[in-house]
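So the structure is just underneath, and the comments pick up after that.
The values are calculated or read from the model by the stated rules, or taken from the named source; none is laboratory data. Note that the coordinates shown come from a computational prediction; the quantities given were computed from them, not determined experimentally. Positions of Cβ are generated from backbone atoms using ideal geometry, with glycine treated the same way; all protein chains shown enter the neighbour counts. Ligands, DNA and RNA are stripped out before the accessible areas are found, and what is left, the full protein with its side chains, is counted by its heavy atoms. Shrake-Rupley method; radii C 1.70, N 1.55, O 1.52, S 1.80 Å.
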Amino acid sequence: MAVTPQAFPPRKRRPSAGAFVSPRLSDVELVQSLLQLSQEIASLRPFQYLLRSCSLSIARKVNLLAVLFEELLRKRAGYCSPSAVLCFEEMYILLQRIKTLIEDCSNGSKMWLLLQVELVSDSFRELNADLTTSLDVFPVGEAELGDDVEELVDLIKNQRSRAGARVDPRDDDLRRGVLAMLDGIAREVVPDQAQLAAAFEGLGLRDSSSCGQEMESLEEEVQNQSDEKAKSQAIALIGLVRYAKCVLYGGSTPPKRPAEFRLRKSASSIAFPADFRCPITLDLMRDPVVVATGQTYDRESISLWIQSGHNTCPKTGQTLAHSDLIPNRALKNLISLWCREQKIPFEAAGDAARASGGGGARSKAAIEATKMTVSFLLRKLRGGPPAEVADGIVHELRALAKSDSESRAFIAEAGAIPQLVRYLGSDVASEYPSLQVNAITTILNLSILDANKARIMETDGALNGVIEVLRTGTTWEAKGNAAATIFSLSGVHSHMKRLGRKTRVVRGLMDLARDGHGSARRDALAAILNLAGDREAVANLLEEGMVEMVCDVMESLQDEAVTILEAVVKRGGLVAVAAAYCAIRKLGRVLREGSERARESAAATLVMICRKGGPDAVVELATMPGIERVIWELMGTGTGRAKRKAASLLRTLRRWAAGLVDGDPVDPDYTTNVTATRIMLPS
């Protein structure tokens, strides 16, 4: 008897398209497939904590069936009548379902399985009964089996599912206990530690590592659920497991890495394709949207830009006709596909909101569990624990602050920021570098919430602590996350102005961008780009040698460097950039060799420089060998904006070659030199 899909609990993965249909195989191949399936099921590890009796019963029956299939294969021919073939095809479907159900129960969340234990138990009982029924119609006499095998078949038939409780009493008691704890948490009742320990022991969640894996499984379950009530329940379980993890087993830290690796490589130093990066943050776009000018940005960053009072496109400088943000679903799908191929986790912004309880999925139990966890961790932190213990506590706060906005609000409201500031200093980092990394990363995660930006800026010592990590942090990861924190804080215009006026901030970012490693340099450049939104900050950046720094990093971080130059030129830095001939020549090289986005930005920057930077700037560009051919190619292959800027550049160079730039005579020696080497192009 085939089992209906409704009999199975929500699945974490889907079987192949042909897994639950009768195979089109010869008699021998069909029996061979049945033998292989039965052996695979028999080899699966038996359940240790939940549904033991159900799984053992069906595994024993399948193991006995393997003997039948082996006997049939030994006969080799003449044993499969049409009725036997139909029976075997039905068995094939049943064995596929049994294998899939066992694998799902073994690989999924234990907590979720516990809450679904009645449904899953019924599925095992139904499959067990259907397997016996399929043997009832098997023509034993036609198969000419040996006496011992016939007796074995009769034994399997007689092993009917026995009447009795649907669920093992132990499993049912455990389920009721967990539900009672969730109900108590929703009423703000702290779970009894002994009961909590007994429940987690009964599920095999006996240390911090197993609890962490359980939380990951539950997060996947949230993504797989379409029903809001089921999502809410899974999210509440995540809160319970996180609380128990901290209370029962203490904080945990990631596996320690070699010191050289920690010093030289940031955790997120993956080279994303340029088209997948947001022009504002230079980070991977999670939710790409198109603005009125046709440019694409990550929704979060462009929303912050608009909310800060800007009405222009950050990339083109054009005034936005409207503030509507149109989802770029095609690009989002490409990013998701690329991340899957690279085995990089990709969570779209909407998915993150849903996973963390957005859209009404977050229950009272989940909220109170989070508050209890935060309260417990901060009580331990205020007690002045040893640095090693503090490292684990801060790491837990770091993970919690990354999960969702409500958690960020709870952590900050509970007074975590002053506690974290204590661990930013170089005295702590010299002995426990991971503690400094965890502290600065937690502050970074907290700063994502707008309300927390003001809290960080107003907390005594917080900003100075971030700056100290930026300038003297022990690891590149710490420095990079300090730069990312400054980037996040500068999303508020008043904070941007305050940060841009601080010489220590500017110098720290410049040094990190020039001398840093991996993504730490990109974090620094992203922060510099944000600060370049303020004219006073631009003056400070230029005074500290920003143009020279950008020229130094342009070969390795081309897109980021060119975008910064364009922003600086727009906001009062044109003369300084035009005077730096190395910048003009490097921009010319980008026109020839850069990515599509970099070439567009370089062309726009050069147009502004040539228009207002004086004839010397035009001469510097015009004397580059083959520059007109490069510009002409850009006019044919670039983006719409790149084509317009390239055409403007070409007109400027031809006016210069004719002896006039903005109406001013040009030294004829320059004109002669360039005219002799320039490529004559059609008008």
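For segment 563-583, the criterion of a residue being under 22 Å from K479 (Cβ atoms), out of contact with any Pro (no Cβ under 9 Å at 6 or more places or on another chain) and either without any contact (Cβ under 8 Å) to a residue 40 or more places away in the chain or buried (at least 22 other Cβ atoms within 10 Å of the Cβ) (or both) is satisfied by at least one position. Within segment 361-398, being part of a loop (DSSP other than H, G, I, E, B) and either closer than 26 Å to E219 by Cβ or hydrophobic (A, V, I, L, M, F, W, C) (or both) holds for A361, R362, S363. Inside segment 589-635, residues that are surrounded by fewer than 23 Cβ atoms within 10 Å (Cβ to Cβ), over 20 Å from D275 (Cα atoms) and small (G, A, S) make up a count of 3. Residues of segment 326-371 that are modelled with pLDDT of 55 or more and closer than 30 Å to R187 by Cβ: A361, R362, S363, K364, A365, A366, I367, E368, A369, T370, K371.
Within segment 440-457, residues that are modelled with pLDDT under 95 reach partners that are of a type outside the set (S, T, N, Q) and not in a helix (DSSP H, G or I) with beta carbons closer than 6 Å, at six or more positions or on different chains, in the pairs K453/V492. One residue stands out among those in segment 219-236 that are in a helix (DSSP H, G or I) and among the polar types (S, T, N, Q): the one that is surrounded by the fewest Cβ atoms within 10 Å (Cβ to Cβ), which is Q223. Residues in segment 23-37 that are crowded, with 20+ Cβ neighbours inside 10 Å and either modelled with pLDDT under 85 or in contact with a Ser or Thr (Cβ under 7 Å, 6 or more places away or on another chain) (or both): L30, V31. For segment 126-149, filtering for residues that are at pLDDT 70 or above, touching a helix residue (DSSP H, G or I) at 6+ places or on another chain (Cβ under 7 Å) and open to solvent by 30 Å² or more (accessible area, probe 1.4 Å) leaves 3. Which members of segment 304-325 meet the condition of being of a type outside the set (A, V, I, L, M, F, W, C) and either part of a loop (DSSP other than H, G, I, E, B) or crowded, with 17+ Cβ neighbours inside 10 Å (or both)? Residues satisfying the conditions are S308, G309, H310, N311, P314, K315, T316, G317, Q318, H322, S323, D324. Of all residues in segment 38-79, those satisfying the criterion of being part of a loop (DSSP other than H, G, I, E, B) and either open to solvent by 30 Å² or more (accessible area, probe 1.4 Å) or modelled with pLDDT of 80 or more (or both) are L44, R45, P46, F47, Q48, Y49, L50, L51, R76, A77, G78. Restricted to segment 383-418, and to residues there that are in contact with a helix residue (DSSP H, G or I) (Cβ under 8 Å, 6 or more places away or on another chain) and among the acidic types (D, E), the residue that is most open to solvent (accessible area, probe 1.4 Å) is E406. The single condition among (1) at pLDDT 55 or above; (2) more than 30 Å from L205 (Cα to Cα); (3) open to solvent by 20 Å² or more (accessible area, probe 1.4 Å); (4) under 16 Å from the mean Cα position of the chain (by Cα) that L282 does not satisfy is (3).
Within the set E548, E555, the sole residue that is over 22 Å from D275 (Cα atoms) and without any contact (Cβ under 8 Å) to a residue 40 or more places away in the chain turns out to be E548.
Among all residues of segment 520-536, there is at least one that is acidic (D, E), within 19 Å of T563 (Cβ to Cβ) and either open to solvent by less than 20 Å² (accessible area, probe 1.4 Å) or under 29 Å from the mean Cα position of the chain (by Cα) (or both).
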